[in-house]
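Only one structure is covered here, and it is reproduced in the block below.
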Amino acid sequence: QVQLVESGGGLVQAGGSLRLSCAASGRTFSSYAMGWFRQAPGKEREFVAAISRSGGNIYYADSVKGRFTISRDNGKNTVYLQMNSLKPEDTAVYYCSSSSSIATMREFPDSGSWGQGTQVTVSS
């Protein structure tokens, strides 16, 4: 298992941008698919974006497609989520996750590792 620590959350006005980072411990970061999920108050956790081990495959939730960009730097053991054109409905706690594959992450999210989350609040 890998340990994950998110950062970069905060308060931003609608239309603004934030960049989330997720730093992973260990020497096997490149062995994991990485992803971002979010959970808003009173709602279930939802998938946001995922990136394969090499970065060659990327998936987004329809709600963020065209606005968010996921990327990774295997040399720095870090995955990023660039969030542009933020909307109030993007307000949530954002969690970083690692898994053996994107498919496993999406089908069995609790089987992977999770960070503690970082709060993103978008004001209207």
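The values are calculated or read from the model by the stated rules, or taken from the named source; none is laboratory data. Quick caveat, the model's predicted, so the values are computed rather than measured. Here the Cβ is made from the backbone with ideal geometry for all residues, glycine too, and neighbour counts use every protein chain on show. The accessibility values were calculated without ligands, DNA or RNA, using every heavy atom of the protein model including side chains. Shrake-Rupley method; radii C 1.70, N 1.55, O 1.52, S 1.80 Å.
Observations
- Entirely in the range 1-65, the strands (runs of 3 or more DSSP E) that have 2 or more residues that are touching a residue at least 40 places away in the same chain (Cβ under 8 Å): 4-7, 10-13, 18-24, 33-39, 46-51
- Note on the range 66-83: residues that are part of a strand (DSSP E or B) and surrounded by 14 or more Cβ atoms within 10 Å (Cβ to Cβ) total 11.
Conditions tested, residue by residue: (1) small (Gly, Ala, Ser); (2) in contact with a Lys or Arg (Cβ under 6 Å, 6 or more places away or on another chain); (3) farther than 24 Å from residue 1 by Cβ.
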| residue | (1), (2), (3) |
| --- | --- |
| 22 | no, no, no |
| 58 | no, no, no |
| 82 | no, yes, yes |
| 99 | yes, no, no |
| 110 | no, no, no |
| 116 | no, no, no |
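- Residues (in contact with a Leu (Cβ under 9 Å, 6 or more places away or on another chain) and more than 25 Å from residue 27 (Cα to Cα)) located in the range 65-89: 67, 68, 83, 84, 86
- Across the range 89-98, the number of residues qualifying as within 13 Å of residue 119 (Cα to Cα), in a strand (DSSP E or B) and of a type in the set (Ser, Thr, Tyr) comes to 2.
- Condition met for residue 86 (surrounded by 14 or more Cβ atoms within 10 Å (Cβ to Cβ) and either in a loop (DSSP other than H, G, I, E, B) or touching a Pro at 6+ places or on another chain (Cβ under 8 Å) (or both)): yes
- Test: residue in the range 85-108 that is without any contact (Cβ under 8 Å) to a residue 12 or more places away in the chain, under 14 Å from residue 37 (Cβ atoms) and either in contact with a Phe, Trp or Tyr (Cβ under 7 Å, 6 or more places away or on another chain) or charged (D, E, K, R) (or both): yes
- Some residue of the range 100-118 being over 25 Å from residue 28 (Cβ atoms), open to solvent by less than 10 Å² (accessible area, probe 1.4 Å) and not polar (S, T, N, Q): no
- Yes/no for residue 94 being out of contact with any Lys or Arg (no Cβ under 6 Å at 6 or more places or on another chain) and at pLDDT 95 or above: no
- The condition (being in contact with a Leu (Cβ under 8 Å, 6 or more places away or on another chain), surrounded by 18 or more Cβ atoms within 10 Å (Cβ to Cβ) and of a type outside the set (Val, Ile, Thr)) is satisfied by just one residue among 24, 50, 14, 33: 24.
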